[in-house]
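Since the structure comes first, as structure tokens, the remarks are kept for the end.
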Amino acid sequence: MKINTKFNKKLLAILSLAALANVAPLAPNDGLASNLALVEAQASSETNASDIEAIKQSMIEATPITEDQFGQISEDAWLAYVEQGNNQGGDPSAVYDWAIEDYPEVFEPEVTNFRTAMVENYNLDEESLNTVSDRDLLWLEYQIWMAAGGQEDLPALADALVEEHGVEYGQDDNERVEALKETMLASTPLTDDQFEAIPAQDWLAYADEVNEGGGDPSTVYNWAVEDYPEVFEDTIAYIRGTLVSDYNLNEESLNTVSDIDLLWLEYSVWVDAGNTEDFETLAQRLIDEHDVTQDDDEESPGDERLEAIKQSMIDATPLTDDQFEAIPATSWLEYSDRVNEGGGDPSTVYNWAVEDYPEVFEDTIAYIRGTLVSDYNLNEESLNSVSDIDLLWLEYSVWVEAGNTEDFETLAQRLIEEHDVIQDDEETPGETELERIRTVMIESTPITPDQFEAIPATTWISYTEQINEEGGDPSTAYNWALRDYPEVFEDMIAYIRGELINRYNLEEASLNERVSDQELLWEEYTVWLQNGEENLEALSQVLVQEYGVRTTSTQVPDEDEENTAPTLPNTGETRTSYSTYIMIAIVGLVGAALLLRDYFVNNKEA
């Protein structure tokens, strides 16, 4: 068996008695797919050369053994194997297994080739792969060879090692799992602990199935809930307990709703509420859609009192409707009780909410800080010395004085006077600085003006500052943009995948499985630098050679041929490749990169 050798073999040719005067064939085993026969060498004091030749021919036709491997095992051993097979009702596969077991040194080079291919080309973890014995590896490869019609199938071997022997993927797939984790935590109610409780192999399998058959994070979430109900037991108990104790749902009636249906409905409500809990809506939908009954002996938090609190808070503070809903109803009722007992007003409640639920106000804080830096020229580092709570409280004070409306000019002035925040003397980032970054990025990377504009100005400024502190060039900023704003590049990704599949004959499933969106754009950028322009033919060659993407044919279509892009990308992050190092060297020579580097240096000195 030779790595990457393509050839067809018959499973076994039945040896005719006419060709083997001194050999009697063994009757084929019942259950074999074809009439397999072993050659029985007649016992004699001298080995008949034609007998050995017949055995060799049978073994080469019926198993992956090579002529060289056959020759390294003694003739006496082969004759003994054949006799043992005849006595025990064996077939060539049994003989092959005996040879693997008795002569491991003969197959050692082949095993080494397989292990190297699995690690280097199919990203299996070497240490994990070493837990599989040489004999088990060769036997598994033989089974796959048979299933493939007597041909080598290394991708199938890699999959079988993962699925049947628990071999883990290498670093690249670990990064892919991390990317999937980030997506699932952001897009579903899944928690970090729940994600970790489900094997990484299953997450990758879910992602692959979505990529091939369609779906989104909700599809994956549903599969996880169905396959691992025990992982969600605590969440289910919490949901049921809250619905019964705080929203007066009848426990017995609620128990008629299955755990999976409850979690799926809770997820639907979570999405509708902006990726946050909304037990009031969940309770109502259970009543409306699942006929769950409600007890009448307790007051529900969703009554007129809560609505009155909400209206008062939205009228008297900068709190938004979404922010109010993101904080549990029980907290608002508790705040109201505390104010009624100890004194206070909506400003007191607002301050408690800011302190207790800082995550609810993260977007507001980012908006305020970004506006003060970009439009009112406050020094970002100096502004960061003011805590989030102090900033929100001061913004609230200014909001009240301005008649319940924003007043950033006054807010900026009070930060300068009361918190010693300093003001930069340069023009705002929306003018000279951002324009220079824009020019360099468009000249030095494949990014388009529309893509640049789709990413916030504050992000480009942040990238610039990080490069000044840690080092880097336009390629660094471009890679961060690919990582942080994948949605901006969706059209480009669809176009490139469509061209590679339809014009350059890359196999769609293989491309989607082996190359993530960020990897695809990164390699396209590398080729762009090397050629000075888009060159998808060169990109297709890189993906075949470095990522193992399969092709459907070797013919390249005419330039006029139409193409259609696929719609669903893979999941994952960047992977280090040789072309990355080539790219870094080339970027050092790009004039625009030097321009940005000079700009960064000048900006620091200023």
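Observations
- Which numbered condition Thr131 misses (of (1) farther than 24 Å from Tyr221 by Cβ; (2) open to solvent by 30 Å² or more (accessible area, probe 1.4 Å); (3) in contact with a Gly (Cβ under 7 Å, 6 or more places away or on another chain)): (3)
- Long-range neighbours under 6 Å by Cβ, at least six apart or interchain, first residue closer than 13 Å to His419 by Cβ within the stretch 374-392, second part of a loop (DSSP other than H, G, I, E, B): Leu378/Val421; Asn379/Ile422; Asn379/Asp424; Ser382/Val421; Ser382/Ile422; Leu383/Val421
- Elements of type helices (runs of 4 or more DSSP H) contained in the stretch 49-152, each with 2 or more residues being touching a residue at least 24 places away in the same chain (Cβ under 8 Å) and under 30 Å from Glu175 (Cα atoms): 104-120, 126-129, 134-147
- For Tyr206, the stated conditions do not hold, so it cannot be described as assigned to a helix (DSSP H, G or I), among the hydroxyl-bearing types (Ser, Thr, Tyr) and modelled with pLDDT of 90 or more.
- Some residue of the stretch 231-246 being outside any helix (DSSP H, G or I), open to solvent by 40 Å² or more (accessible area, probe 1.4 Å) and in contact (Cβ under 8 Å) with a residue 60 or more places away in the chain: yes
- Checking Thr317, Thr293 one by one, the residue that is in contact with a helix residue (DSSP H, G or I) (Cβ under 6 Å, 6 or more places away or on another chain) and open to solvent by 50 Å² or more (accessible area, probe 1.4 Å) is Thr293 and no other.
- Filter result for Glu380 (open to solvent by 60 Å² or more (accessible area, probe 1.4 Å), farther than 30 Å from Glu533 by Cβ and within 40 Å of the chain's Cα centre (by Cα)): yes
- Against the conditions (1) within 25 Å of Glu182 (Cβ to Cβ); (2) surrounded by fewer than 19 Cβ atoms within 10 Å (Cβ to Cβ); (3) not aliphatic (A, V, I, L, M), Gly472 satisfies every one except (2).
- Hits in the stretch 394-418 - residues which are surrounded by 16 or more Cβ atoms within 10 Å (Cβ to Cβ), in contact (Cβ under 8 Å) with a residue 24 or more places away in the chain and within 20 Å of Asn351 (Cβ to Cβ): Leu394, Glu395, Tyr396, Trp399, Leu411, Leu415
- Selection within the stretch 85-119 - among the aromatic types (Phe, Trp, Tyr), open to solvent by 40 Å² or more (accessible area, probe 1.4 Å) and under 17 Å from Gln143 (Cα atoms): Trp98
- In the stretch 494-511, the qualifying residues are those that are open to solvent by less than 10 Å² (accessible area, probe 1.4 Å), of a type in the set (A, V, I, L, M) and assigned to a helix (DSSP H, G or I), and the one that is nearest to Glu443 (Cα to Cα) is Ile496.
- Only residues that are over 16 Å from Glu381 (Cα atoms) and open to solvent by 20 Å² or more (accessible area, probe 1.4 Å) were counted across the stretch 452-468, and they come to 4.
Table: residues versus (1) part of a helix (DSSP H, G or I); (2) β-branched (Val, Ile, Thr).
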residue: Gln413; (1), (2): yes, no
residue: Thr464; (1), (2): yes, yes
residue: Gly472; (1), (2): no, no
residue: Ala481; (1), (2): yes, no
residue: Glu513; (1), (2): yes, no
residue: Leu521; (1), (2): yes, no
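- Count - residues of the stretch 379-393 that are part of a helix (DSSP H, G or I) and more than 28 Å from Asp345 (Cα to Cα): 4
- The stretch 359-377, residues that are touching an Asp or Glu at 6+ places or on another chain (Cβ under 8 Å) and open to solvent by less than 70 Å² (accessible area, probe 1.4 Å): Phe361, Ile365, Ile368, Arg369, Val373, Asn377
- Set side by side, the residues Leu15, Leu20, Leu36 differ, and just one is within 20 Å of Tyr142 (Cα to Cα), modelled with pLDDT under 50 and either small (Gly, Ala, Ser) or touching a helix residue (DSSP H, G or I) at 6+ places or on another chain (Cβ under 7 Å) (or both), which is Leu36.
- Residue in the stretch 503-513 that is out of contact with any Cys (no Cβ under 8 Å at 6 or more places or on another chain), in contact (Cβ under 8 Å) with a residue 60 or more places away in the chain and closer than 25 Å to Glu533 by Cα present: yes
- Some residue of the stretch 68-84 being touching a Pro at 6+ places or on another chain (Cβ under 6 Å), crowded, with 20+ Cβ neighbours inside 10 Å and more than 17 Å from Leu161 (Cβ to Cβ): no
- Within the stretch 341-378, tally of residues that are assigned to a helix (DSSP H, G or I), of a type outside the set (A, V, I, L, M, F, W, C) and within 22 Å of Glu280 (Cβ to Cβ): 4
The values are calculated or read from the model by the stated rules, or taken from the named source; none is laboratory data. The shown structure was predicted, so the numbers you read here are calculated from the model rather than taken from an experiment. Cβ coordinates were reconstructed from backbone atoms using ideal geometry, including for glycine residues, and neighbour counts include every protein chain displayed. Just the protein is used for accessible areas: all its heavy atoms, side chains included, with ligands, DNA and RNA removed. Shrake-Rupley method; radii C 1.70, N 1.55, O 1.52, S 1.80 Å.
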